[in-house]
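Comments concern the structure below.
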Amino acid sequence: MILGMSLSTFTLVHVLISLVGIGSGLLVVYGMLLGKRFDGATMIFLITTVLTSVTGFLFPFEHLLPSHILGFISLPVLALAIFARYARHLAGAWRSTYVVSSVLALYLNVFVLVAQIFMKVPAAHALAPTGKEPPFLVVQLIVMAIFIVLGIFAVKGFRGPVANEPAWRSTKAS
């Protein structure tokens, strides 16, 4: 039992939280590419991605796993994104810090998704049973390349005045 749930129920909840985090994260990055803030999706992305990492540590384990290492990386990255977004309000260099940390957090979640696909989906598992075979490495490199490109374009697209900023918060003189 984990948090009062059977292991299978807890796993389902963890997977659903992860998928919501990935889906909302993709929407947030799409908004960044357009130079728009999607505040609701951003909050859902940040909360569910933090929950994904935190709940990942609650699974029983006997030794440190790659997923734990990614969780240890993801949580400070998410803390930085949350600080840049909500404490610094995307001012100055905090805007790029927010974009880079958000895209990195999303990438780490997708990295784990791909690893899980190779472990759990029989056709993918047959191609890379240990996760060290070329098909797994090639897919992970492609995913990384996609996120690097998305990150570059997101930083370029999410510039200028704070997107969707309410008029009462605008720093421009009337």
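Key figures for this structure:
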| read-out | value |
| --- | --- |
| MRE, 222 nm, helices only [DSSP H, n ≥ 4, -39500 (n - 2.57), over the chain, to nearest 500] | -23500 deg cm²/dmol |
| Charged-residue dipole, Cβ positions (Lys, Arg, Asp, Glu), the chain about Cα centre, Debye nearest 20 | 680 debye |
| Dimensions (Å) - the range 31-101, Cα atoms, principal axes, largest first | 44, 22, 21 |
| Helical segments meeting 27 Å axial Cα length and Kyte-Doolittle -1.0 threshold in the chain (DSSP H) | 7-34, 94-120, 134-157 |
| The chain - convex hull of alpha carbons, volume per residue in Å³ | 122 Å³ |
| Linear extension gain, A87 paired with M144, 0.36 nm per residue minus alpha-carbon span | 17.6 nm |
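Only the coordinates and a few stated rules stand behind these numbers; no lab work does. All figures in this text were calculated on a predicted structure; none of them were measured in a lab. In this analysis, Cβ positions are derived from the backbone assuming ideal geometry, glycine residues included, and neighbour counts consider all displayed protein chains.
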